[in-house]
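Read the structure below first, then the notes.
What follows is calculated from the coordinates using simple rules that are stated; it is not laboratory data. Predicted model, so just to flag it, every value in this text is computed and none were measured. All Cβ positions, glycine included, derive from the backbone under ideal geometry; neighbour counts span all protein chains shown.
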Amino acid sequence: MILSLLLVVGCNKDDTKKAGTFFGGIDGVSIEFEKLAPPTQFGQDDSVSIKTILKNKGEFDLQTGKAKARIFGINLNNFGLTSDYKGTEGSLRARGEFSEQGGEQVIDFGNARYNQIIVNSQDFTIRARVCYPYQTKALVDVCITPLIAKEGDKGVCTIDGQKIKESDISSAPVQVTEVTEEIRGSDQVRFNIGIENKGKGNVFLPDTTCEQTEEGATRVAMVDKLEVDVLNPSEVQCDFRTSELSSRGIVELNGGKTVLSCFTTATDSYEEKLNIRLNYVYLDETSVPITIFESTK
């Protein structure tokens, strides 16, 4: 019996460990209402606390105030609440070797009290939105080889197949989902990089403010776009379509996904790390139903 318990504990512990460079996953910063803040039922004369909990379940650190939240979905004036975004009062550490659960912060929106007439009872749904800048990191083994080496079977590696392995991509809501290679011409190696929003929220350009995500025209111009930065190999150039060939540029998601084509020149055959960073602002939300009862006074 003791041996069985040890095996169970051992298995549970291993589940939290990395298999490689990153833990991996599709989590970023989650948001939820703190328990009983607000309570699901309360009286019209009651003043109730409104608090949200932000948890960084991904693998990118956020400094104090970078992650913000706001309350919406109800007539805020009737509850004595503000529509402004409010930032964290502390940092949100990423999930890592010394913090496997990631950081957590509470944002306090003060007390709410409904100032309109209630007959018997009335139901509402209070919603909260989190807005935060984030980064996805990818370190993928690729093969740089010219056509002559491939055809002469003298290459030290192969360009064939899917290059992404477990733990090659950091935990974040936007993921690098595919890296494949092909030889074009005698000495050009092309990378096809698949990018997808795997979370339930929305992606915005990295220089978007939280307030801009709420503005109609600005929101349309900045939503479903993110920055891609290829750090290594340094010679890699990508087709960003809206700019000249570069190792850094903006891509647009269509239906939550896109494929970016990049290339480099190969004069010899060798293995390399394709080092990619995706930079963006992410929005997610949560909600809680409440019932307010008529005052008995």
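Quick one: Cα centre-to-centre distance for the range 87-166 and the range 219-263, in angstrom?
18
Using a Gaussian network model of the chain with C-alpha springs under 10 Å, which one of V251, V119, V106 is most mobile by mean-square fluctuation?
V119
Would you mind counting up the charge near F191? Only other residues with Cβ under 9 Å from its Cβ, with Lys and Arg at +1 and Asp and Glu at -1.
Its environment carries a net charge of 0.
Setting aside same-chain residues fewer than 8 positions from K273, which aspartates and glutamates have a Cα under 18 Å from its Cα?
D141, D160, E166, D168, E178, E181, E182, D229, E235
Per DSSP H run of n ≥ 4, the term is -39500 (n - 2.57); total these for the chain, divide by its residue number, and report the mean residue ellipticity at 222 nm rounded to 500 deg cm²/dmol.
Values: 4 runs with 29 residues, N = 297.
Mean residue ellipticity, 222 nm, calculated: -2500 deg cm²/dmol.
Over the chain, what is the percentage of antiparallel beta bridges among all DSSP beta bridges, to the nearest 5? Write out the running numbers ahead of the final one.
On the way: 84 of 87 bridges.
If we restrict to bridges inside the chain, about 95 percent are antiparallel.
For the chain, state the semi-axes of the equivalent ellipsoid (square roots of 5 times the eigenvalues of the alpha-carbon gyration tensor), sorted largest first and rounded to whole angstrom. List each step's numbers first, then the result.
Working: eigenvalues 431, 119, 36 Å².
With the √(5λ) rule applied to the chain, the semi-axes are 46, 24, 13 Å.
Per residue of the range 235-241, what does 6.51 cos²θ - 1.76 cosθ + 1.60 with θ = phi - 60° give for ³J(HN,Hα)? Whole Hz please, x for Gly and Pro, Karplus curve as stated.
7, 5, 10, 10, 8, 8, 6
Ignoring the sites themselves, what is the longest stretch of the chain with no GluC sites (Glu not before Pro) in a DSSP loop and at most 14 other beta-carbon atoms within 10 Å? Provide the component values of the computation, followed by the final result.
Working: sites that count: E89, E97, E100, E166, E211, E215, E235, E244, E294.
Segment 1-88 is the longest.
Kindly count the pairs of lysines across the range 43-176 whose alpha carbons are less than 12 Å apart, treating pairs on different chains or eight or more residues apart as eligible. Kindly include the intermediate steps, with their values, before the conclusion.
On the way: K51/K86; K55/K68; K66/K86; K68/K86.
Pairs that pass both the separation and distance tests number 4.
Between V156 and N111, with labels modelled 7 Å along Cα→Cβ, what's the label distance in nm to one decimal, could you check?
Reported label-point gap for V156 and N111 is 7.0 nm.
Considering the alpha-carbon set of the range 134-282 alone, what are its Rg and its Dmax in angstrom?
16.5, 58
Go ahead and set up a Gaussian network model of the chain, Cα springs under 10 Å, then flag whichever of V130, V174, V236 fluctuates most.
V236
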